[in-house]
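The values are calculated or read from the model by the stated rules, or taken from the named source; none is laboratory data. The model shown is predicted, which means the values in this text are computed figures rather than measured ones. Neighbour counts are summed over all protein chains in view; Cβ atoms, including those assigned to glycine, are modelled from backbone coordinates with ideal geometry. SASA here: full protein model, heavy atoms, side chains in, ligands and nucleic acids out. Shrake-Rupley method; radii C 1.70, N 1.55, O 1.52, S 1.80 Å.
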Amino acid sequence: MSAKNNKASPAKKRSNKSRGKGKKRPVKKRSNNRKKPSSKRSIIISFLAVSLIAFIAYLFYLDNRITQRFEGRIWQLPAHVYARPLELFVGKKISTKQVLFELDYLNYQQVQQLPQKPAQYRQWNNIFEIKTRSFVFWDGEENSHTIRITIEDDVVTQLIDIYTANSADLVRFDAGYLTGIFPSHSQDRVLLRLDDVPDMFIKMLLLIEDRRYFTHWGVDPLSIARALLVNIYSGRTVQGGSTLTQQLVKNLFLTQDKTIVRKVNEAFMSLLLELHYDKKLILETYLNEIYLGQDGRRAIHGFGLAGEYYFGKSLKQLSIDEMAILIGMVKGASYYNPKRNPEHARERRDIVLSAMQGSALITQRQYEKLSNRPVATVKHARSGLYPAFIDLVKLQLQQDYQSDDLSSEGLRVFTTLDPYVQYNTEQAIIKTLPQLSKNKDLQAAAVVVSPSNGDVLAVVGGRNPSYKGFNRALNAERQIGSLIKPVIYLTALRDPSRYTLSTMLDDSEFIYKTPNQDDWQPLNYDKEYHGEVTLYEALLKSYNVPAVRTGLDVGLDNVITTLSALGYKKSVSAYPSLSLGAVNMSPVDVANIYQTFAANGFHSPLRSVHAVLDNERNPLERYSLDVDNQVRPEAMAIVNSALIDVAKYGTAKRLADQLPLQVAGKTGTSDDLRDSWFAGFSGDTMAVVWTGYDDNHPTTLTGSSGAMKIWGNLFKEVAYKPYEFPQMPGLAKYRVDVNNGLLSENGCENAVELLFIEGSQPQQTSDCEGGGESNWFLNLFN
Amino acid sequence: MNTFFRLISYFSFALLLASCASIDGQIAGNNTADGTAQDEVGSYKYDAWRLNTSGEYEAINVLLDEADVLIENRAYNAATDKLERVLRIKPEYAPAWSRLSWLALQMNSLKRSVQMAKRSNSFAASDAELQVLNWSFIRTASRALNDEDTYYRANQKIESLKVF
């Protein structure tokens, strides 16, 4: 308006001026008559010119939006995180129960005939026939195999390639999807290339959504007119006239508002998009952009991910009826969601199938067959499971990647998580905690590790394992109590001239005096003193006073050095109470230390990620196995031999009844029973379990009555291999009288067999007391 | 026959290394790790690593074969990955740890090479030949690291193990 007024003003001035000179009025009149239409025209022309300029500018703006998005990265792609792949070979220890678990976890479908399609299996008794999925790992693609597995006594005894009838040496299954690390909008997608999309799928999609896709210019007037007529006839909106291009524009650039402005923008942008880009590229982008449902916070976008999420298959592997379900969802991803509303999904699928039959894409017979099929989706979504483990993964990845890259670059992260161990760890906590206390505030955390390489197999951060809040496994730093004692004695046993398992330690009243501070008097758990005891007995019975004396004798700085050699790199204060575990650690910290015990002195830093690929599946990073040996292996073997006896005769002796295989471990209880710990290992698994309250108030649990019960229930399910301390030259066993630490004759009832570095064994022989059949000392524990 | 060839290859390699060591006499302070590794352990014969073909651990042999191909192509990282898979199947398989030590030497990861060789020895108590080989890796790495104590200890170990 202001432009119009400004234009009018000079004309008025000119008019007044003319009236002042009378004679020339007619001319002026003519002139006036001539100028009026001219002025109007110029106003209109000016207006049109300005509008045109504004319109062109606006088109440029829209065009710029489109090209910027399309020339750059169209989407932020979340990182996809995978569990470790199951590997099968002859000799592999695995139960049929575990095989079934793994197949279920990977969403394999049980069939009655020989499996024909990937991700199918059949089972009878202890025999499985499986067709695996192909999968791209960090070291290349693993092809699909069709195999027969025979399992006897929890061992794979036969592994045969069904088609060649030859033995299959090593079969690697696909890695199970764990979760994504998402950008703030939580969109998830598996990018597809148009070449990866079956022709039939494209035909079906265009049939239902945009029949003239390859002939229109982005907007289809015929479709709009048809939709308009149908809607007028129906009296409501029953049909849309949007092309695929318009749908894509709406999803990528605009809101879902039903306004004229949005519709106009949509039309112009569609035309511009088609002006710039190839139809095939637009179609490919559409296939990857379309919203197809919600999995908790995760938004499912694109047909690639939808196929995997709803049916556990890639788009290529979907059957026609499954494709029809996905295409039907374009109309309403929530209403036609096959998981939530299978009936609606089925109705819509049948409409799609019917249209296909009408267009001769399928025959009448095919239509009847396909429309009779039930809507079968994979049983459960796995997104968001194992938050405690994922925290650890993020912690490791953050050393090498910015958090923005983690949530936007489409990385594929291959972790060490063992789904079977994770499941059993969760179950051990869920089922055991209520037996320990009726108080539902009692919490627990656990970390399970492969001893030989530090691979973290499972992490549980609380009694509700899927809760994404406080992760106790990583962040609850609590006093570790007697878990420190093997570290104290390992420090001592490094010097065999001073300490052996038979060294007599003083378990009598001890008061530690410090100038200007209160005296400190450590007590044993039973509040009694036991006089002279062997180091072995002090460890088995977890006596406090001998541990404190030994810690002070070997030097607390040396104990801290040992802790560091075992893998604990954080700062520790050298207070005398350190010998009783007055040092705060998280379960992950403790696992780091006890992994070194379980690996006989070879520390491997805990590792939760094996490898990372970029979104093109090229290897970016591989996290190698690392080992570091800073402790004397002989001393470690001796401590471990005693830890075996802790689990047989000592504070953890109940494990001997519970487990069919030899394990080693140590209980830990902090002051006033505030923390209950157990750390232990078999030959193939190491785990640390903690129980306690978040507000640090006392429990009624010791290490053996609390955490150890969870540990035992876990190891019943996941441990296959007994722990044996390593045979090494220079170590030998001798029978020792535990009353006095001297050599003992065979048959003496208070004798036990202990491990020594050759030359460090006692030189004197004890008088044999009695000669009973049973072991007096060990019976004492019982 | 396999065992015989394995023994021959171990001993000939150990003798080669021992003779190199005696010629050098003392640690050559300016030796590059790369050159040393190439000189002393570059010609190692891989067939000696195979398990007996008992069927039970044929999976390991398959992975070792794949690792060999990768080593031939100097794809040491990928070969390392194959060997780590071997160790997930059989963690106490000392030859795989030993080969990881050799690969670490090729990749100039000297400390890693020492640790892998030590780990291999921890599982090879009854295998003197393999221990000689591992100590030779330790010696090579420690020379490049100018770690005299470890170098002389490795020399002593090699000498004492040759007796067996």
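Here is a list: B:70, B:63. Which entry is open to solvent by 10 Å² or more (accessible area, probe 1.4 Å), farther than 19 Å from residue A:627 by Cα and either within 12 Å of chain A (Cβ to nearest Cβ) or assigned to a helix (DSSP H, G or I) (or both)?
B:70
For residue A:4, are the conditions met, namely being open to solvent by 40 Å² or more (accessible area, probe 1.4 Å), modelled with pLDDT under 85 and over 30 Å from residue A:411 (Cβ atoms)? Before the answer, list the steps.
On the way: open to solvent by 40 Å² or more (accessible area, probe 1.4 Å): yes; modelled with pLDDT under 85: yes; over 30 Å from residue A:411 (Cβ atoms): yes.
Yes; evaluated as a whole, the condition is true for this residue.
Considering A:743, A:731, which residue is within 14 Å of chain B (Cβ to nearest Cβ), more than 26 Å from residue A:481 (Cα to Cα) and among the aliphatic types (A, V, I, L, M)?
A:731
Can you name the condition, by its number, that residue A:592 falls short on among (1) part of a helix (DSSP H, G or I); (2) over 21 Å from residue A:392 (Cα atoms); (3) open to solvent by 20 Å² or more (accessible area, probe 1.4 Å)?
With respect to (1) part of a helix (DSSP H, G or I); (2) over 21 Å from residue A:392 (Cα atoms); (3) open to solvent by 20 Å² or more (accessible area, probe 1.4 Å), residue A:592 is out only on (2).
Looking at this structure, is residue A:571 crowded, with 16+ Cβ neighbours inside 10 Å and either among the hydrophobic types (A, V, I, L, M, F, W, C) or more than 14 Å from chain B (Cβ to nearest Cβ) (or both)?
no
Go through the residues of region A:345-357 one by one and say whether even a single one is in contact with a Pro (Cβ under 7 Å, 6 or more places away or on another chain) and more than 21 Å from residue A:104 (Cα to Cα). Walk me through it before giving the result.
Within region A:345-357, the first condition is being in contact with a Pro (Cβ under 7 Å, 6 or more places away or on another chain), and the residues that meet it are A:345.
Narrowing further to those that are more than 21 Å from residue A:104 (Cα to Cα): A:345.
Yes, region A:345-357 has at least one match.
Among B:109, B:122, which is of a type in the set (Ser, Thr, Tyr), without any contact (Cβ under 8 Å) to a residue 40 or more places away in the chain and at the interface with chain A (Cβ under 8 Å from one of its Cβ atoms)?
Step by step, each of B:109, B:122 is checked, and only B:122 is of a type in the set (Ser, Thr, Tyr), without any contact (Cβ under 8 Å) to a residue 40 or more places away in the chain and at the interface with chain A (Cβ under 8 Å from one of its Cβ atoms).
Since residue B:80 meets every condition but one in (1) open to solvent by less than 10 Å² (accessible area, probe 1.4 Å); (2) at the interface with chain A (Cβ under 8 Å from one of its Cβ atoms); (3) not in a helix (DSSP H, G or I), which condition does it not meet?
That leaves (3) as the condition not met.
Among residues belonging to region A:224-281 that are of a type outside the set (Val, Ile, Thr), within 18 Å of residue A:330 (Cβ to Cβ) and in a loop (DSSP other than H, G, I, E, B), point out the one that is least open to solvent (accessible area, probe 1.4 Å).
Residue satisfying both the conditions and the ranking: A:241.
Of A:86, A:106, which residue is touching a helix residue (DSSP H, G or I) at 6+ places or on another chain (Cβ under 6 Å) and closer than 29 Å to residue A:716 by Cβ?
Result: A:86 is the single residue among A:86, A:106 that is touching a helix residue (DSSP H, G or I) at 6+ places or on another chain (Cβ under 6 Å) and closer than 29 Å to residue A:716 by Cβ.
Pick from A:85, A:115: which is touching a Lys or Arg at 6+ places or on another chain (Cβ under 6 Å) and free of Cβ contacts under 8 Å to residues at least 40 places away in the same chain?
Numbers: A:85 fails: free of Cβ contacts under 8 Å to residues at least 40 places away in the same chain.
None of the others qualify; the one that does is A:115.
For region A:449-500, which residues satisfy the criterion of being of a type in the set (Gly, Ala, Ser), more than 30 Å from residue A:736 (Cα to Cα) and assigned to a loop (DSSP other than H, G, I, E, B)?
A:450, A:452, A:454, A:461, A:462, A:466, A:469, A:476
Filter region A:78-91 for residues that are within 14 Å of chain B (Cβ to nearest Cβ) and assigned to a strand (DSSP E or B); which is farthest from the chain's Cα centre (by Cα)?
Within region A:78-91, the match that is farthest from the chain's Cα centre (by Cα) is A:88.
For region A:603-621, which residues satisfy the criterion of being open to solvent by less than 60 Å² (accessible area, probe 1.4 Å) and either outside any loop (DSSP other than H, G, I, E, B) or away from chain B (no Cβ under 13 Å) (or both)?
A:603, A:606, A:607, A:608, A:609, A:610, A:611, A:612, A:613, A:614
Identify the residue in region A:92-141 that is among the basic types (Lys, Arg) and within 14 Å of chain B (Cβ to nearest Cβ) and, among all such residues, is nearest to residue A:161 (Cα to Cα). Write out each step before concluding.
Going residue by residue through region A:92-141, those that are among the basic types (Lys, Arg) are A:92-93, A:97, A:117, A:122, A:131, A:133.
Narrowing the set further to residues that are within 14 Å of chain B (Cβ to nearest Cβ) leaves A:92-93.
Working: A:92: 17, A:93: 19 Å.
Here the residue is A:92.
Taking interchain pairs and intrachain pairs at least six residues apart, which have beta carbon atoms under 8 angstrom, with the first residue in region A:656-672 and on the phi > 0 side of the Ramachandran plot and the second assigned to a loop (DSSP other than H, G, I, E, B) and surrounded by fewer than 16 Cβ atoms within 10 Å (Cβ to Cβ)?
The qualifying pairs are A:672/A:698.
So which of A:543, A:529, A:536, A:525 is in contact (Cβ under 8 Å) with a residue 60 or more places away in the chain, more than 30 Å from residue A:83 (Cα to Cα), touching an Asp or Glu at 6+ places or on another chain (Cβ under 9 Å) and not aliphatic (A, V, I, L, M)?
Just a single option satisfies the conditions, and that option is A:536.
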